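Working notes, structure below.
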């Protein structure tokens, strides 16, 4: 990474700022080459593959299907697989991966003692947060891409058909299907980046990456519990996890967008809060 | 450092903006201000509703919510506490209804010649082709003249109720009149009033709200939450069974069922007489208006379905066991029994199998049960 030159204050004033592109490139290389990131992608890849296998095994039996109704529409329907994979990874697996990345981004550097170097390097604190956020966003995007692309591939491979049926019983073409999966992927990315933004804020508050992971997962579990209590329905619109089941709405025809839009607005609010808190904390952090 | 302060201030504003955004999301969407509409009297309003021959072309969301205060009985259908459906109509009789659950969807499409239904969780399509020429085209003669029909309906309602147009409301973004039916003061009922919002322009009912005594929250509410009146995508009114779905044709079956019932009905009906509910000790209707109660005697215990441990569905349950579980025990000169009270109605079942129910307080039921032998 950038080495800090210990120069006189006058010299520092004149030092040109490190170009943002180079910083981003360095951060991305650093994040994406990390073995645990690659391991996480590997675990995520198991989700669509496992679902595909399960689906092909269920196809043998003619008995009526027991289990979540989404799985029923999986049968002979390749395009539902990427969505089911995203739906399954969303509650725990994906938040864990993005929280881990966000924890490494600031708290991890802090615990290794490398954050000090970044803080005295010739980068503004806000730009540092932007660089870190882009790194986390890239990991999140790749994680979603793994689910979506492997999901489509596995879906088509296991069902042997590129056509797909919406939940409303209409047939959609392969390209329409790809479009719907794309919408779902973008939405999942936004939701997961909201988790990441809050995790980044936690990450800037502590020196221990594990604390970030624990608090983040604890929060999401509490949100899920609160979301299940009907008497607290007034609180539900504030909980990030509230609309997470609505990913399946993309394969209704016409597409049912109310819940998707509302949860996207909610995710944006969390992103703004999380990143603002991170910037505020980093700006006041002593190097 | 000024720069640091500015950064922190900007971040604080950002966090505040996010928090405000979340608060706005959590705010209930308040009812719009009541629109100002030209006054209309209830007769005119009812008449204009009845003169609408077809549902206009529209697309919208219908939601129903109840707060009946029913005891929590397992296996009770979820639809009782709340439902939501998307509906579309093209204005010529074709329609589509879709009810969504997490991960599945049920749709019903009427494309003008065939009624289709599809359930994505079972992948079963049922189709019912009907012959338009055989369908009863004419409405009963009384309904052909909306003015006469409106008068007839209001004449039936008037003796027991007050009917009025009580202000206006904004329902699903449309201006509406509120037609209010309230029981006359002499009626002994748990219900306070029924409010029907009628679209001011199209004269179709948009919302029905039932209010009970002692509560300002509606006990039941059913109506549009989103409504777009106008031409809809014609693709919505067609249906092709998807690949891999099982298609069941119910055309024949349904017709037989329909015909056998119609024949029976016609046989029992004397010309010019309106059909009446049977009146005997097994089932009778007592009183009229808002405090109508139904009373009667359940079939003998041994004819009732026994509780089958293998079948835990509610339909297999003996009603007596269910009532014992959720009712309160009451007794009086009329016998011993169990009383189930909700916000909208009361039910009474005695140990010897007599029952009475109605939208009335329990005293009325006790009077009614005394008339059952």
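Structure notes:
- Test: residue in the stretch A:183-192 that is in contact (Cβ under 8 Å) with a residue 60 or more places away in the chain, within 9 Å of chain B (Cβ to nearest Cβ) and out of contact with any strand residue (DSSP E or B) (no Cβ under 9 Å at 6 or more places or on another chain): no
- Test: residue A:169 is on the phi > 0 side of the Ramachandran plot and either buried (at least 24 other Cβ atoms within 10 Å of the Cβ) or away from chain B (no Cβ under 14 Å) (or both): yes
- Filtered by the rule that a residue be within 7 Å of chain B (Cβ to nearest Cβ) and assigned to a helix (DSSP H, G or I), the stretch A:247-261 gives a lone residue, A:248.
- Only residues that are facing another protein chain (nearest Cβ under 7 Å) and farther than 20 Å from residue A:227 by Cβ were counted across the stretch B:5-28, and they come to 7.
- Condition check for residue B:210: assigned to a strand (DSSP E or B), over 19 Å from residue B:154 (Cβ atoms) and touching a residue at least 60 places away in the same chain (Cβ under 8 Å): yes
This table checks each residue for (1) over 30 Å from residue A:168 (Cβ atoms); (2) surrounded by 23 or more Cβ atoms within 10 Å (Cβ to Cβ); (3) in contact with a helix residue (DSSP H, G or I) (Cβ under 8 Å, 6 or more places away or on another chain).
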{"position": "A:214", "(1), (2), (3)": "yes, no, no"}
{"position": "A:217", "(1), (2), (3)": "yes, no, yes"}
{"position": "A:224", "(1), (2), (3)": "no, no, no"}
{"position": "A:229", "(1), (2), (3)": "yes, no, no"}
{"position": "A:234", "(1), (2), (3)": "yes, no, yes"}
{"position": "A:242", "(1), (2), (3)": "no, no, yes"}
{"position": "A:245", "(1), (2), (3)": "no, no, yes"}
{"position": "A:248", "(1), (2), (3)": "no, yes, yes"}
{"position": "A:251", "(1), (2), (3)": "no, yes, yes"}
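- The stretch A:222-246: number of residues that are modelled with pLDDT of 90 or more, within 7 Å of chain B (Cβ to nearest Cβ) and more than 30 Å from residue A:128 (Cα to Cα): 1
- Across the stretch A:146-164, the qualifying residues are those that are within 19 Å of residue A:248 (Cα to Cα) and not in a helix (DSSP H, G or I), and the one among them that is nearest to the other protein chains (Cβ to nearest Cβ) is A:163.
- Filter result for residue A:276 (under 26 Å from residue B:85 (Cα atoms), touching a helix residue (DSSP H, G or I) at 6+ places or on another chain (Cβ under 7 Å), assigned to a helix (DSSP H, G or I) and at pLDDT 95 or above): no
- Boolean, residue A:273 is touching a residue at least 60 places away in the same chain (Cβ under 8 Å), under 28 Å from residue B:121 (Cα atoms), facing chain B (nearest Cβ under 8 Å) and surrounded by 21 or more Cβ atoms within 10 Å (Cβ to Cβ): no
- Among (1) at pLDDT 75 or above; (2) loosely packed, with under 14 Cβ neighbours inside 10 Å - the single one residue B:106 does not satisfy: (2)
- Neighbours by Cβ (under 7 Å, 6+ apart or cross-chain): first from the stretch A:49-63, surrounded by 13 or more Cβ atoms within 10 Å (Cβ to Cβ); second part of a helix (DSSP H, G or I) and modelled with pLDDT under 80: A:55/A:74
- The number of residues in the stretch B:183-192 being crowded, with 19+ Cβ neighbours inside 10 Å and assigned to a strand (DSSP E or B) comes to 2.
- Applying the condition of being touching a strand residue (DSSP E or B) at 6+ places or on another chain (Cβ under 9 Å) and buried (at least 24 other Cβ atoms within 10 Å of the Cβ) to the stretch A:137-166 and asking which residue is modelled with the lowest pLDDT yields A:164.
- Selection status of residue A:114, touching a residue at least 12 places away in the same chain (Cβ under 8 Å), surrounded by fewer than 16 Cβ atoms within 10 Å (Cβ to Cβ) and under 30 Å from residue A:83 (Cβ atoms): no
- Flag for residue B:64 being in contact with a strand residue (DSSP E or B) (Cβ under 8 Å, 6 or more places away or on another chain) and either modelled with pLDDT of 85 or more or not in a loop (DSSP other than H, G, I, E, B) (or both): yes
The values are calculated or read from the model by the stated rules, or taken from the named source; none is laboratory data. Model, not experiment: these values are computed from the prediction. For neighbour counting, all protein chains shown are included, and Cβ atoms are generated from backbone atoms with ideal geometry for every residue, glycine included.
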